[in-house]
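Below is one structure, written out as structure tokens; the observations come after it.
The numbers here are math on the coordinates, done by the rules we state, and not lab data. Only a predicted model underlies this, so the values are computations on that prediction, with no experimental measurement involved. Because the Cβ atoms are built from the backbone with ideal geometry, glycine has one as well, and the counts that use them run over all protein chains shown.
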Amino acid sequence: MSKLKIIFSSYDDLKNPYYAGGGALAIHEVAKRLAAKFEVAVITGKYPNSKDERIDGVTYRRIGTSFLGAKLDQLTFQVCLPILVLTEKYDVWFESFTPPFSTNFLQVFTKKPVIGIVNMLSGEDMKRKYKLPFEVIEKAGLKTYRYLITASAATQKIIEQINSKAEIITIPLGADKIRKPQNPSNKRHILFIGRIEINQKGLDLLLNAYSKIIDDVGYPLYIAGIGEKKEVSKLKKTIDSLNLSHKVKLLGRITGEEKVKAYRDSLFVVIPSRFETFSLVALEAMAHRRALISFDIKGLSWVPETCRMTASPFNIKSLSQAIFKLSNNLPLSKQLGTHGQHYAQKYSWENSAKQYKEFIFTVLSKRQYG
């Protein structure tokens, strides 16, 4: 008996030089576990030097263009998807929603089940950034889906108000178990880790806040992650303009042991985002027993107060005060990190994949008998 074929589509992937974000990691962690039972393929956008390959038992196919830059390459990827959803052989298609419109209306093009994966509803943030009604198209697209998966209960509630007929379930992201964290080195740092995107990720706010207390905090700021060239250039110019080049270190992309070391040697992790719906970095940091500092925004409300310090939304002075306080109170930082590690233990990729598998069979049974 042949295996059921599952396809995931997501512009981003683990090796994308512009993003390689949490959504791509989440898809891979789930896909490689589903590959034990199903034939699994992930369709992503092309980028320079990309190629089709198999990673951890999962087939990766790259489509679209690779020479127009991140945003235009993303658009050509989205244009190709409706054609593939019509022509590919599969039993279930998972569509990971992608900015700027979130949905690609794939369910409209086929009678086979398309399950939307909503790690982030980007319409609101795109409207804020570009002053265009992206959320109108997003809402119209959401109404076309029969099945949706969200990463948080808060996002599920938002979608239920838009599409009350869809079957929506929340499957949280996972975290690797850190069974015995190693002791940090003597050289500690404050850590930001994530995509280099100044506006959404709030890196301008973080740097300005850090500059105000640079003489009162004895720890450097490490920034790990990649992004578009113009975003990285803007970041470097901001660092220079604030005279922070001697205190801020850019790590670039970090993975594996290098990433573990960055978490291990950090005092705490700062997530200064203006907009989030579920932060995988927050979950990873807690799993590594690290305290968090973030703005008090709706998208991070799932993080318990016992695991983090919050600053007034987008208030630089409030953020600098939080960084100063936690930098000079190591017992509090350790206490918040310990609470975070206990909280993160209920999240696992194995559990996430199990819920995906159960939902696949639920959807197929309804298609067969409904």
**OP:** Check the straight Cα-Cα distances from Lys71 and name the lysines below 18 Å, setting aside those fewer than 8 residues away within the same chain.
**Re:** Lys15, Lys46, Lys127, Lys129, Lys131, Lys201, Lys229, Lys230, Lys234
Original post:
For all pairs of alpha-carbon atoms in the chain, what percent lies in each bin of width 10 Å, listed from the first bin to the last filled one?
Top reply: 5, 24, 33, 25, 11, 2, 0
Subject >> ³J(HN,Hα), Karplus 6.51/-1.76/1.60, whole Hz, each residue of region 81-86, x for Gly, Pro >> reply: 4, x, 5, 5, 5, 7
**OP:** With a/c under 1.5 counting as rounded, go ahead and sort region 66-148 into rounded, prolate or oblate using the C-alpha gyration tensor (a ≥ b ≥ c being the square roots of the eigenvalues; past the cut-off, prolate if a/b is larger than b/c, else oblate).
**Re:** oblate
Subject >> Extension reserve of the Lys37-Lys249 stretch, reckoned as 0.36 nm per residue once the Cα distance is removed >> reply: 72.0 nm
Original post:
How large is ³J(HN,Hα) for each residue in region 307-318, as worked out from phi by the Karplus curve 6.51 cos²θ - 1.76 cosθ + 1.60 (θ = phi - 60°), to whole Hz, x for Gly and Pro?
Top reply: 10, 8, 10, 10, 10, 4, x, 6, 8, 4, 4, 5
Subject >> Gain on full stretching of the segment that runs from Gln335 to Lys298 - 0.36 nm per residue minus C-alpha separation >> reply: 10.9 nm
Original post:
For region 189-344, what class follows from the C-alpha gyration tensor (a ≥ b ≥ c being the square roots of its eigenvalues): rounded when a/c is under 1.5, otherwise prolate if a/b is larger than b/c, else oblate?
Top reply: rounded
**OP:** Kindly provide the Kirkwood hydrodynamic radius of region 1-148 in Å, to one decimal, from all pairs of distinct alpha carbon atoms.
**Re:** 15.6
**OP:** Kindly list the residues of region 1-31 that lie in the label zone of Arg54, defined by a backbone N under 20 Å from the point 7 Å along the Cα-to-C-beta vector.
**Re:** 1-9, 14-15, 28-31
**OP:** Determine the dipole magnitude for the chain: charges of +1 sit on the beta-carbon of Lys and Arg, -1 on that of Asp and Glu, nothing else is charged, the reference point is the Cα centre, and the result goes in debye to the nearest 20.
**Re:** 260
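Quick one: Thr362, Thr338, fewest Cβ neighbours within 10 Å first, how do they rank? Don't skip to the end; give the middle numbers.
Values: Thr362 13, Thr338 16.
Taking fewest neighbouring Cβ atoms as first place, the list is Thr362, Thr338.
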Original post:
Under a point spin-label approximation (7 Å from Cα along Cα-to-Cβ), what is the Thr144-Glu167 distance to one decimal in nm?
Top reply: 2.1
Original post:
Quick one: putting +1 on the C-beta of Lys and Arg, -1 on the C-beta of Asp and Glu, what dipole do you get for region 189-344 around its Cα centre, in Debye to the nearest 20?
Top reply: 180
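Going by average Cβ density within 10 Å per residue, which order do the peptides 286-292, 6-12 take, highest to lowest?
Values: 286-292: 24.0, 6-12: 25.6.
Put in order of decreasing packing, that is 6-12, 286-292.
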